[in-house]
1. Ordered by packing density, taken as the mean number of other Cβ atoms within 10 Å over each peptide's residues, highest first, how do 22-30, 75-83, 172-180 rank?
2. Which trypsin sites (Lys or Arg not before Pro) does segment 74-164 hold that lie in a coil by DSSP with at most 10 other beta carbons within 10 Å?
3. Just to be sure I understand: with springs between alpha-carbon atoms less than 10 Å apart, which residue in Asp33, Asp160, Asp103 has the highest mean-square fluctuation in the Gaussian network model of the chain?
4. With the other protein chains left in place, how much accessible area per residue, in square angstrom, belongs to segment 127-188 at a 1.4 angstrom probe?
5. On the accessible surface of the chain, probed at 1.4 Å, how many percent belong to carbon and sulfur atoms?
6. Could you tell me which GluC sites (Glu not before Pro) in segment 99-167 are loop residues by DSSP with no more than 10 other beta carbons within 10 angstrom of their beta carbon?
7. 7 Å from Cα along Cα→Cβ at both Thr165 and His4: what's the point-to-point distance in nm?
8. Residue-wise, which Karplus ³J(HN,Hα) couplings in Hz belong to segment 85-99, taking 6.51 cos²θ - 1.76 cosθ + 1.60, θ = phi - 60°, and x for glycine or proline?
Amino acid sequence: TCLHEGLQDHFFECAPGVWTLYRCLHCGNAFLDPRPDLKSISLAYGSYYTHRSYDIAHGIVHRVWQALRDDYLYAEFGATSDFRLWPGRWFLRLFPVGRQGIDAALARNLELRKNSEARLLDVGCGNGNYLEFAQRAGWRVRGLDFDAKATAAARARGLDVDEGTIQLLAAEEASYDRITLSQGLEHV
(Lines give C-alpha, C1' and ligand atoms only; values in the text may rest on other atoms or scores of the structure.)
Protein backbone atom coordinates (compact mmCIF):
# COMPACT_ATOMS: atom_id res chain seq x y z
CA THR A 1 0.00 0.00 0.00
CA CYS A 2 1.11 3.57 -0.65
CA LEU A 3 2.20 5.46 2.48
CA HIS A 4 3.56 8.69 0.98
CA GLU A 5 3.90 10.15 -2.51
CA GLY A 6 6.06 12.93 -3.90
CA LEU A 7 8.92 12.47 -1.45
CA GLN A 8 12.07 14.54 -2.03
CA ASP A 9 15.40 14.94 -0.27
CA HIS A 10 14.98 18.21 1.62
CA PHE A 11 17.31 17.23 4.47
CA PHE A 12 20.68 16.68 2.80
CA GLU A 13 19.58 18.12 -0.56
CA CYS A 14 21.93 15.89 -2.53
CA ALA A 15 19.70 13.16 -4.00
CA PRO A 16 17.60 14.45 -6.88
CA GLY A 17 14.30 12.87 -7.77
CA VAL A 18 10.88 12.10 -6.36
CA TRP A 19 9.91 8.86 -4.58
CA THR A 20 6.89 7.05 -3.31
CA LEU A 21 7.04 5.12 -0.05
CA TYR A 22 5.14 1.83 -0.05
CA ARG A 23 4.45 -0.71 2.70
CA CYS A 24 4.58 -4.43 1.97
CA LEU A 25 1.26 -6.09 2.85
CA HIS A 26 3.00 -9.34 3.82
CA CYS A 27 5.88 -8.24 6.07
CA GLY A 28 5.01 -4.62 6.88
CA ASN A 29 8.35 -3.19 5.79
CA ALA A 30 8.41 0.08 3.89
CA PHE A 31 10.37 0.65 0.70
CA LEU A 32 11.03 3.42 -1.82
CA ASP A 33 9.97 3.40 -5.44
CA PRO A 34 12.04 3.77 -7.48
CA ARG A 35 14.36 1.62 -5.39
CA PRO A 36 17.92 2.97 -5.00
CA ASP A 37 20.59 0.82 -6.63
CA LEU A 38 24.37 0.79 -6.22
CA LYS A 39 24.73 3.60 -8.76
CA SER A 40 22.03 5.92 -7.39
CA ILE A 41 22.44 5.32 -3.63
CA SER A 42 25.72 7.23 -3.57
CA LEU A 43 23.79 10.42 -4.46
CA ALA A 44 22.11 10.28 -1.06
CA TYR A 45 25.51 10.47 0.62
CA GLY A 46 27.08 13.19 -1.51
CA SER A 47 27.62 15.54 1.45
CA TYR A 48 27.11 13.16 4.35
CA TYR A 49 28.69 13.80 7.78
CA THR A 50 30.94 10.73 7.52
CA HIS A 51 32.96 12.45 4.80
CA ARG A 52 34.60 14.70 7.35
CA SER A 53 37.47 13.66 9.55
CA TYR A 54 37.05 13.86 13.29
CA ASP A 55 37.27 17.48 14.44
CA ILE A 56 39.66 18.20 17.29
CA ALA A 57 37.87 20.01 20.11
CA HIS A 58 38.56 23.73 20.33
CA GLY A 59 38.54 25.95 23.40
CA ILE A 60 39.60 25.16 26.93
CA VAL A 61 36.22 23.83 28.08
CA HIS A 62 36.03 21.39 25.18
CA ARG A 63 39.65 20.32 25.66
CA VAL A 64 39.09 19.67 29.38
CA TRP A 65 35.91 17.71 28.66
CA GLN A 66 37.72 15.66 26.02
CA ALA A 67 40.60 14.97 28.44
CA LEU A 68 38.18 13.85 31.20
CA ARG A 69 36.31 11.67 28.72
CA ASP A 70 39.56 10.18 27.42
CA ASP A 71 40.64 9.27 30.95
CA TYR A 72 37.34 7.45 31.43
CA LEU A 73 37.77 5.67 28.07
CA TYR A 74 41.30 4.64 29.05
CA ALA A 75 40.14 3.23 32.39
CA GLU A 76 37.12 1.40 30.94
CA PHE A 77 38.29 0.31 27.51
CA GLY A 78 42.06 0.74 27.47
CA ALA A 79 41.86 3.46 24.79
CA THR A 80 45.08 5.46 24.76
CA SER A 81 45.11 9.23 24.32
CA ASP A 82 47.71 11.96 24.00
CA PHE A 83 46.08 14.02 26.72
CA ARG A 84 43.81 12.80 29.49
CA LEU A 85 42.95 14.12 32.93
CA TRP A 86 43.05 11.51 35.67
CA PRO A 87 39.82 12.33 37.52
CA GLY A 88 37.77 11.65 34.38
CA ARG A 89 37.35 7.97 35.25
CA TRP A 90 35.70 8.99 38.53
CA PHE A 91 34.02 12.20 37.40
CA LEU A 92 32.03 10.54 34.62
CA ARG A 93 30.70 7.95 37.08
CA LEU A 94 28.75 10.82 38.68
CA PHE A 95 26.77 11.21 35.45
CA PRO A 96 25.43 7.74 34.57
CA VAL A 97 23.29 8.90 31.64
CA GLY A 98 26.21 10.73 30.01
CA ARG A 99 28.54 7.81 30.69
CA GLN A 100 26.07 5.35 29.17
CA GLY A 101 25.82 7.62 26.13
CA ILE A 102 29.61 7.55 25.71
CA ASP A 103 29.65 3.77 26.17
CA ALA A 104 26.92 3.19 23.60
CA ALA A 105 27.73 5.87 21.00
CA LEU A 106 31.51 6.18 21.01
CA ALA A 107 32.69 2.93 22.52
CA ARG A 108 29.71 0.82 21.39
CA ASN A 109 30.20 -1.10 24.61
CA LEU A 110 33.45 -2.56 23.30
CA GLU A 111 34.86 -4.99 25.81
CA LEU A 112 38.48 -4.75 26.83
CA ARG A 113 40.73 -6.44 24.31
CA LYS A 114 41.75 -9.89 25.49
CA ASN A 115 44.97 -10.14 23.47
CA SER A 116 47.02 -8.13 21.04
CA GLU A 117 45.76 -10.22 18.10
CA ALA A 118 42.07 -9.39 18.64
CA ARG A 119 40.58 -8.34 15.28
CA LEU A 120 37.59 -6.09 14.67
CA LEU A 121 35.68 -5.46 11.43
CA ASP A 122 33.33 -2.48 11.19
CA VAL A 123 30.88 -2.77 8.29
CA GLY A 124 29.67 0.67 7.28
CA CYS A 125 32.61 2.31 9.01
CA GLY A 126 32.07 5.79 7.54
CA ASN A 127 34.97 8.12 8.30
CA GLY A 128 36.47 5.66 10.80
CA ASN A 129 35.65 7.34 14.14
CA TYR A 130 34.81 4.02 15.77
CA LEU A 131 37.73 2.21 14.11
CA GLU A 132 40.09 4.84 15.45
CA PHE A 133 38.66 4.43 18.95
CA ALA A 134 38.92 0.62 18.78
CA GLN A 135 42.49 0.88 17.50
CA ARG A 136 43.38 3.16 20.43
CA ALA A 137 41.84 0.47 22.66
CA GLY A 138 44.32 -2.06 21.25
CA TRP A 139 42.26 -3.83 18.58
CA ARG A 140 43.56 -4.64 15.10
CA VAL A 141 40.89 -2.93 13.01
CA ARG A 142 39.55 -3.06 9.50
CA GLY A 143 36.64 -1.17 7.97
CA LEU A 144 34.31 -1.53 5.03
CA ASP A 145 32.09 1.14 3.48
CA PHE A 146 30.63 1.64 0.01
CA ASP A 147 30.98 5.43 0.15
CA ALA A 148 34.17 6.66 -1.58
CA LYS A 149 34.34 9.97 0.29
CA ALA A 150 33.89 8.31 3.67
CA THR A 151 36.54 5.68 2.98
CA ALA A 152 38.90 8.41 1.79
CA ALA A 153 38.40 10.25 5.11
CA ALA A 154 39.09 7.02 7.04
CA ARG A 155 42.17 6.21 4.99
CA ALA A 156 43.47 9.75 5.57
CA ARG A 157 43.54 8.80 9.26
CA GLY A 158 45.76 5.82 8.43
CA LEU A 159 43.02 3.22 8.88
CA ASP A 160 42.69 -0.06 6.94
CA VAL A 161 39.42 0.52 5.08
CA ASP A 162 38.07 -1.04 1.89
CA GLU A 163 35.55 0.61 -0.40
CA GLY A 164 32.71 -1.67 -1.42
CA THR A 165 30.03 -3.96 -0.11
CA ILE A 166 30.25 -7.02 2.10
CA GLN A 167 30.82 -9.11 -1.03
CA LEU A 168 34.45 -7.93 -0.93
CA LEU A 169 34.96 -10.32 1.98
CA ALA A 170 33.50 -13.40 0.23
CA ALA A 171 36.89 -14.87 -0.65
CA GLU A 172 38.45 -14.10 2.73
CA GLU A 173 39.37 -16.86 5.07
CA ALA A 174 40.17 -14.43 7.88
CA SER A 175 38.07 -14.36 10.99
CA TYR A 176 37.26 -11.51 13.35
CA ASP A 177 36.77 -11.47 17.08
CA ARG A 178 34.16 -8.73 16.74
CA ILE A 179 32.10 -7.53 13.78
CA THR A 180 30.07 -4.35 14.14
CA LEU A 181 27.33 -2.88 11.99
CA SER A 182 26.19 0.29 13.70
CA GLN A 183 23.60 2.59 12.18
CA GLY A 184 23.51 0.44 9.07
CA LEU A 185 20.04 -1.05 8.89
CA GLU A 186 18.29 2.27 8.38
CA HIS A 187 20.40 2.79 5.24
CA VAL A 188 19.51 -0.57 3.69
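The values are calculated or read from the model by the stated rules, or taken from the named source; none is laboratory data. This structure is a prediction, so every number in the text was calculated from the model and none was measured. All Cβ positions, glycine included, derive from the backbone under ideal geometry; neighbour counts span all protein chains shown. The accessibility values were calculated without ligands, DNA or RNA, using every heavy atom of the protein model including side chains. Shrake-Rupley method; radii C 1.70, N 1.55, O 1.52, S 1.80 Å.
1. Details: 22-30: 9.7, 75-83: 16.0, 172-180: 12.1.
The most tightly packed comes first, giving 75-83, 172-180, 22-30.
2. Working: sites: Arg84, Arg89, Arg93, Arg99, Arg108, Arg113, Lys114, Arg119, Arg136, Arg140, Arg142, Lys149, Arg155, Arg157; in loops: Arg84, Arg108, Arg113, Lys114, Arg157.
Those satisfying the criteria are Lys114.
3. In this elastic network of the chain, the residue with the biggest mean-square fluctuation among Asp33, Asp160, Asp103 is Asp33.
4. Details: 3430 Å² over 62 residues.
Roughly 55 Å² per residue, with all protein chains present.
5. Numbers: 6750 of 11880 Å².
Carbon and sulfur: 57 percent of the exposed surface of the chain.
6. Working: sites: Glu111, Glu117, Glu132, Glu163; in loops: Glu111, Glu117.
Of the GluC sites (Glu not before Pro), the ones in loops of segment 99-167 whose Cβ has at most 10 other Cβ atoms within 10 Å are Glu117.
7. Simple spin-label model gives 2.5 nm for this pair.
8. 9, 3, x, x, 4, 8, 4, 5, 5, 6, 10, x, 5, x, 5
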